């Protein structure tokens, strides 16, 4: 692009960073990320979200948390994708309490959690063996105006089966169908 007199935009850099991250080349993505300010460009929320996702997927949790703090210091406002990415990274690292702390921060900042937010948190709780707490969070969703999706039902049903609560899982499957949420192939493989 520069050879043709065109100057790359932040959108161009975001695409390249995303491509590197998707290929598992997070170090290359990080090097490119660090070049952005030297090209006279500022990071936007997409740049941060993409790099956060790449770092967390690569298991670089400390780097991801530091980047989130840097993002705030640069006054780039985190959005729902940012928080969902952060929560996913924390849950992957079994930092469930920290994830719930960020959920409260997110709500205080006026960012409303969506079903993806709760899928992430409930999945994290289940993987951490906290199925009872996961069920409580799951049961609170209608009060928050959220309807569980098939992925969330699958998480809870699968966890109940793993814990040996097969009858409870069957009851939840019936509830799922009554709510209008159709089971998928994964549901029946649990």
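Nearest 10 degrees is fine. How inclined is helix 131-140 to the longest principal axis of the chain, computing both from alpha carbons?
Value to nearest ten degrees: 80.
The list (1) 45, 36, 31; (2) 65, 34, 27; (3) 79, 42, 30 gives values of Cα extents along the principal axes in Å, and only one came from this structure; which label was calculated from it?
(2)
To the nearest 0.05, how large is the calculated FRET efficiency for residue 80 and residue 167 if R₀ is 30 Å and r is the Cβ-Cβ distance?
0.25
Distance between Cα centroids, region 8-23 to region 58-92: provide it in whole Å.
18
Anyone know which of 37, 148, 113 comes out most mobile in the 10 Å Cα GNM of the chain?
The residue with the greatest mean-square fluctuation here is 37.
Compute the acute angle (0 to 90°) between the alpha-carbon long axis of helix 10-22 and the principal axis of greatest extent of the alpha-carbon atoms of the chain; round to the nearest 10°.
The answer is roughly 50 degrees.
Mind checking which of 46, 174, 36 has the largest fluctuation in a GNM of the chain, springs on alpha carbons under 10 Å?
In the Gaussian network model the winner is 174.
Assuming a viscosity of 0.890 mPa s and a temperature of 25 °C, what translational diffusion coefficient in µm² per second does Stokes-Einstein assign to region 73-162, Rh being the Kirkwood radius over Cα pairs?
D = 184 µm²/s.
For Cα pairs less than 8 Å apart in space and 6+ apart in sequence, what is the mean separation divided by the residue count of the chain, i.e. the relative contact order in percent?
12
List the extent of the Cα atoms of region 112-190 along each of their three principal axes, largest first, rounded to whole Å.
Rounded to whole Å, the extents work out to 33, 29, 19 Å.
Enter the angle in degrees (range 0 to 90, nearest 10) between the Cα long axis of helix 45-57 and the first principal axis of the Cα atoms of the chain, meaning the one along which they spread out most.
Tilt of helix 45-57: around 60 degrees.
Any read-out appearing in this document is the output of simple, stated calculations on the displayed coordinates, not a laboratory observation. No experiment lies behind these values; they were computed from the predicted model shown. When we count neighbours, we look across all protein chains shown, and the Cβ atoms used for this are built from the backbone with ideal geometry, even at glycine.
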